[in-house]
Amino acid sequence: MHAADDSVVRQIAACGGDDGELLARVFPQVYAELKGIAHRALLRASGHATLSTTALVNEAYVKLRGHGELAPSDRNHLFALCARAMRQIVVDHARRRQADKRGGAQAALSLDAVDAAGTDRPEAVVALDEALTSLAVLDPRLVRLIEYRVFGGLDSSATAELLGLTQRSVQRDWLRARAWIGHALSDAP
């Protein structure tokens, strides 16, 4: 465990279940890293982006603070919760943009083509979210893997650490997830 990890774990333990205090104490310690994650997630965005890195991280904080029982057990769990919050924020953002852009020709979608920022194709993010909801029934771990990689902007090493898997297992699961999502997205209207 790194010194920063140990500090975050101590702060979580010191809060004794008070989620407001926990976020107030721990979030500043991981804020820069969360901004890096959000930046990587939004990096593929074109110049039309309306969701910024800072806005995504700040909205994740607000979402987690208003969530109620947060109770992360450690730093990795906190990052997992942040990745899920970022997914929800990005999907909500894409739905709002899609509502503004109803109509037009719909092109085929793939997991590689989905921009987590949803800048040019909000329908891609909404379709991905619907496919992830279906996949969650069959394999929740694949959904978490996709959340961490696509919405959390994490690489396979960080994803493996969060999921408690080897990098090779994450790579195999990533191939499975891409195949399943690709099939689901190709069937999307």
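Bear in mind these aren't lab numbers, they're just calculated from the coordinates by the rules spelled out. The structure displayed is predicted, hence computed values, not measured ones. Note that each Cβ is placed from the backbone with ideal geometry, even for glycine, and that neighbours are counted across all protein chains shown.
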Most exposed first by the Cβ proxy, i.e. fewest other Cβ within 10 Å, how do 169, 73, 156 rank? 73, 169, 156
Using the beta-carbon distance between residue 35 and residue 73 and R0 = 22 Å, what value does 1/(1 + (r/R0)^6) give for FRET efficiency, to the nearest 0.05? 0.40
Place a label point 7 angstrom from the Cα of residue 187 along the Cα-to-Cβ direction, then list the residues of the stretch 140-156 whose backbone nitrogen is under 14 Å away. none
Over the stretch 142-189, one equal point on each Cα, no solvent: what is log10 I(q)/I(0) by the Debye formula at q = 0.14, 0.22, 0.31 Å⁻¹? -0.33, -0.70, -1.13
Contour minus end-to-end for residue 155 and residue 92, with contour as 0.36 nm per residue of separation and end-to-end as the Cα-Cα distance? 20.3 nm
